Amino acid sequence: MPGKRMLEENELFEKAWLEFVQEGKMDREVLRPIIADSWIRSRRYEVDAYSSEVNIEIDGPSLKKRYEDLGPVLDIAKPFMDTLYRTVGEAGLIVRLTDKDGYVLECFGDELVFESHKVLHLYKGTNVKEEIIGTNAIGIALAKGIPLQVLGAEHYRADYHGWTTSAAPIKDEEDNLVAVLSMSGDYELVHPHTLGMVMASALAIEHEIKLEKSNQDLKRKNEHFNAIMESISEGIICIDERGIIRDINLFARRYFRVRDSAAIGGNIRDVIQSDQARKILKLAKSGSRLKEEEINFGAPGSRKKSVIVNATPISEPNDPYNELVLTFREAKDIHNLVNRFTGAKAIYNFEDILGESEEIKEAIRLAKLVSDTEATILLTGESGTGKELFAQSIHNASQRRSNSFVFINCGAIPRDLVASELFGYVEGAFTGARKGGQPGKFELADGGTLFLDEIGDMPLDTQANLLRVLETKEVVRVGGHDVIPVDVRVIAATHKDLAKEVERGNFRQDLYFRLNVMPIHTPALRERKSDVPILIDFFYNQFRKGANVAGVDITQSFYNAMTSYSWPGNVRELQNVMQLISSLVSDGSVLTARHLPEYMKNNVRDDIPVAEKGYEVKPLAKVEQEAIQAAIAAHDGNLVKAAKALGIGRTTLYRKIEKFGLTV
């Protein structure tokens, strides 16, 4: 019940109200400034102090939209409103929540109160702003953003003079007013301390709003963190010193083939092979770090793979256990990245192999045929015939094109280092071994192609190890014990006759059969003389650009001389000759046979007839056929001598005889 003082104050308010409404006089000695100012605003808004007829309701869709906009605040406020209503325990009181635009969106109270006070518009969907119903606690709280209690006749409209409301604004984390909490009732039921309870409830709601916002921010950050964790292309595992897995990302789960639900809370011993698990637990307990260290990881019962590991210890103030964060990537991914930036990649394609002769076309056809298979390839041919060019083209036409192409010349490495170069070594394997060891070419080429040039020069003891790697697809580093699986396609090359090397005991027969799955012969330049002019033009144009030489012509005598040479160094020799000539000729020069290097002049013919007026020009194929027929006739059908005289191989001669349909 209100005290005597409150009753007396209300009588003074009633008198002051009458003077203001009827005569326009303001008794500021009786009224609080905030009430006086509100009365003035109410009159400015043309609120009828005596009328109860106001249009303050909104339609259903608009009300639903306001519920959705205030949804999070409503969810937080409802429990506090219910508690406030039950704490007061007065049947004649109601608790309301109003949005920032003055619409009542939630009410707690006795239905009889709402029915008996319909004229006061207390129910949901009504608007209680000053502009609508004049001075009231909720309207002032919305306008000024402060808590207050409006008693009886302090209200501007006469309908509310028997009513008292305590209201407090609710603000978000950025101090924006989002709603107003209020408690209203008959003047005689409201206690002076009601405002304090409403303010306390509003502050509690504000605290929950801020806490919910913090939780939402934290949740969002966790979601972002988890999304980043899951999308990272390397494994991440967090464990404590007992080995309990606190977190594990998608890459690591797939690597160790475990489900998220089975991994979190499980033990690292169930995920990683026991010997490696012991090492990791030792790190966790000691708080030690690892930086870019190579370790062999594998799930229990599976093959180990070489991975690059970083280990970082972490500690939580309230956690009794040390924790360790492991990050790892497969070593082959690192190797591929390193190879990409250090030039261990194939740059040539079949289109870069020059020539129109049948011999080179046949070699290209066979190479293309086997490019997209996993067959081991043996390239045979003299030095300088372009075996590496073929190897790179095969790699770039295969499914492994996006991975490494690693090259090693088996004849250019000291015999005692060939094994460590191919298979790698562990720390301390030999004097001078690098700390931490080093991967070999097989590991560097994992997922890609390894080109073993001059395979015929490989030491016999290394050949045995190579055979084992080719058959098992596993590598054991020199001085080590761990078995490292590798997925490598091997292309070997040699200028030697490996079959004869096997007979001489210089090459293992079983390795020869293992390598000679798909032999491809790269023809010598003397076996495809018709390609010499094409190569001359290509290299001359290539080097002429670099030398800035303009206006140079090439005579037929130059072509004739170059074609008649035997080219023991093959295409590589021709390339070097053209580079030399290109650097010596001057502007306006005409290339003739006299421009050839001295060592060639005694071994070439430049007297082959050049076309003159009336000279019968024959197709090259016709000239070639006549030359073959003449050579066979000159040597009485001895094909070996005829081939030698023509400067071509016996196999090539057989093929041309068949091509031209000649009888021998």
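The values are calculated or read from the model by the stated rules, or taken from the named source; none is laboratory data. It should be emphasised that the depicted structure is a prediction, and the values quoted were computed from it without experimental measurement. As a convention, Cβ positions derive from the backbone with ideal geometry for all residues, glycine included, and neighbour counts pool all protein chains shown. For accessibility, only protein heavy atoms count, side chains too; no ligands or nucleic acids. Shrake-Rupley method; radii C 1.70, N 1.55, O 1.52, S 1.80 Å.
Among Thr83, Val370, Gly152, whose Cα sits farthest toward the positive end of the charge dipole of the chain (+1 at Cβ of Lys/Arg, -1 at Cβ of Asp/Glu, about the Cα centre)?
The residue sitting most towards the positive pole is Val370.
Helix-only mean residue ellipticity at 222 nm, the chain, DSSP H runs n ≥ 4 weighted -39,500 (n - 2.57), per residue, nearest 500. What is it?
Rounded to the nearest 500, the figure is -13500 deg cm²/dmol.
Of the listed values [x] 47.3, 147; [y] 30.3, 98; [z] 23.9, 74, identify the label whose number matches Rg and Dmax of the Cα atoms in Å calculated from this model.
Answer label, from the structure shown: [x].
Give me the percent of the accessible area of region 69-198 that comes from carbon and sulfur atoms, probe 1.4 Å, all protein chains in place.
52
Sorted by packing (mean other beta-carbon atoms within 10 Å per residue), highest first, where do 410-418, 133-141 land?
Peptide ranking by packing, descending: 133-141, 410-418.
Send over a whole-number figure in Å² for the accessible area per residue of the chain, probe 1.4 Å.
51
Return the long-range amide H neighbours of Asn322 (sequence gap of 5 or more, or a different chain), with a cut-off of under 5 Å between placed amide H atoms.
Sorted by chain and number, the residues that satisfy this are Glu241.
So, R0 is 41 Å and r is the distance between the beta-carbons of Ala621 and Asp461; what FRET efficiency does that work out to, to 0.05?
0.20
Listed highest first by mean packing, meaning other Cβ atoms within 10 Å per residue, what order do 442-450, 576-584 come in?
By packing density, highest mean first, the sequence is 442-450, 576-584.
Give me the extension gain from Glu14 to Gln542: residue separation times 0.36 nm, minus the current Cα-Cα distance, reported in nm with one decimal.
Length gained between Glu14 and Gln542: 179.3 nm.
Would you give the gap between the C-alpha center of region 228-273 and the C-alpha center of region 183-213, rounded to a whole Å?
One Cα centre to the other: 49 Å.
Against the longest alpha carbon principal axis of the chain, how many degrees, from 0 to 90 and to the nearest 10, is the axis of helix 71-88 turned?
With rounding to tens, the tilt is 30 degrees.
Over region 411-558, what percent of the accessible surface lies on carbon and sulfur atoms, probe 1.4 Å?
48
Of the lysine pairs in region 369-514, how many meet both conditions: Cα atoms under 24 Å apart, and a spacing of 8 or more in sequence or different chains?
So the count works out to 5.
Show me the trypsin sites (Lys or Arg not before Pro) within region 194-300 that DSSP assigns to loop and that have at most 11 other Cβ atoms within 10 Å of their Cβ.
Of the trypsin sites (Lys or Arg not before Pro), the ones in loops of region 194-300 whose Cβ has at most 11 other Cβ atoms within 10 Å are Arg257, Arg259.
Long-range amide H contacts for Val178: which residues qualify at under 5 Å (H placed 1.01 Å from N, peptide plane, sequence gap of 5 or more or a different chain)?
Ile170, Lys171, Asp172
What angle, in degrees between 0 and 90 and rounded to the nearest 10, separates the Cα long axis of helix 331-342 from the longest principal axis of the Cα atoms of the chain?
With both axes taken from Cα atoms, the answer is about 70 degrees.
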